[in-house]
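Each remark here refers to the structure printed beneath this line.
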Amino acid sequence: MTKLAPSILSADFTRLGDQLRAAEEGGADWIHVDVMDGAFVPNITLGPLVVEACRRTTSLPLDVHLMIERPERYLEDFVRAGASILTVHAEATVHLHRAVTRVRELGARAGVVLNPGTSLEALRPVLEDANVVLIMSVNPGFGGQRFIPQSLERVRTVRRWLDELGSGAELEVDGGVNAGNARSLVEAGATVLVAGSAVYNAHPVADNLAALRRAAQG
Ligand code: DX5
Ligand code: ZN
């Protein structure tokens, strides 16, 4: 079954614990945590301290999406803070293979992510080592942006590559995901859907997750 990963970027941070519990009770599979450094992306969000607070609040896997320059500097800190999946941008490091390998050595699952404007070929050298492949369907930096339609074809291509390899890696999509496009993403081969505003911008959270789940199942 398709996994749902609510992004806390759109949550109310004055009551983060409640918002995490609402996601968990609403049937979320992972919690997606967006780390931004004001350099790789224009926005600044949170660091290991907040990941560690999430870790104490939920038992769900923490899916930590690093939108930071040279992520290799912080891999250990985020794994120590409780990241279950640690995902690095191919554009953010000249040592992508080393970063992916290091995440696995540290005992977390390794993800690799591409911006919408990056050739899928950047994935090839690390595809066999990745536990998660994340396709950005918006330009990263902010929640609430519109889904870029060309992302669907990119998901289809990566699905084919993973199947050819016999890889069991998760294929995740992030950005502008909602009940209107969830089904087409699943049909294209996505196994994990990230959703921020579609989960947290209206209430109750459990209803939004249920609507997303229904849509994903078709
Ligand atoms: C964007 C982040 C996303 C964001 C998605 O840079 O990586 O995870 O929270 O938010 P929505 O679902 O609102 O596009
Ligand atoms: Zn994200």
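The values are calculated or read from the model by the stated rules, or taken from the named source; none is laboratory data. Computed from a prediction, not measured in an experiment: that's the story for all the values here. All Cβ positions, even for glycine, are placed from backbone atoms using ideal geometry, and neighbour counts span all protein chains on display.
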Please enumerate the residues belonging to segment 1-28 that are in a loop (DSSP other than H, G, I, E, B), over 18 Å from the mean Cα position of the chain (by Cα) and surrounded by fewer than 19 Cβ atoms within 10 Å (Cβ to Cβ).
Asp12
What pairs come out if I take residues in segment 174-189 that are assigned to a loop (DSSP other than H, G, I, E, B) and pair them with residues that are aromatic (Phe, Trp, Tyr) whose C-beta lies under 8 Å away, six or more apart or interchain?
Gly175/Phe147; Gly176/Phe147; Val177/Phe147; Asn178/Phe147; Asn181/Phe147
Check whether at least one residue in segment 84-106 is at pLDDT 95 or above, surrounded by 15 or more Cβ atoms within 10 Å (Cβ to Cβ) and more than 27 Å from Trp161 (Cβ to Cβ), and report yes or no.
no
Pairs under 6 Å by beta carbon, first residue within 20 Å of Arg146 (Cα to Cα) and free of Cβ contacts under 8 Å to residues at least 40 places away in the same chain in segment 196-218, partner assigned to a helix (DSSP H, G or I) and small (Gly, Ala, Ser), six or more apart or different chains?
Ala215/Ala182
For segment 99-123, enumerate the residues that are part of a loop (DSSP other than H, G, I, E, B) and closer than 23 Å to Arg55 by Cβ.
Leu106, Gly107, Ala108
So, in segment 108-134, exactly how many residues are within 16 Å of ligand 1 (Cβ to nearest atom) and within 14 Å of Asp63 (Cβ to Cβ)?
6
So, of the residues in segment 29-71 that are more than 15 Å from ligand 1 (Cβ to nearest atom) and of a type in the set (A, V, I, L, M), which turns out to be surrounded by the fewest Cβ atoms within 10 Å (Cβ to Cβ)?
Leu49
Return yes or no: is Ser197 within 13 Å of ligand 2 (Cβ to nearest atom), crowded, with 16+ Cβ neighbours inside 10 Å and polar (S, T, N, Q)?
yes
Do you know which of the residues in segment 187-218 that are away from ligand 1 (no atom under 16 Å from the Cβ) and of a type outside the set (Gly, Ala, Ser) is nearest to Met136 (Cα to Cα)?
Thr191
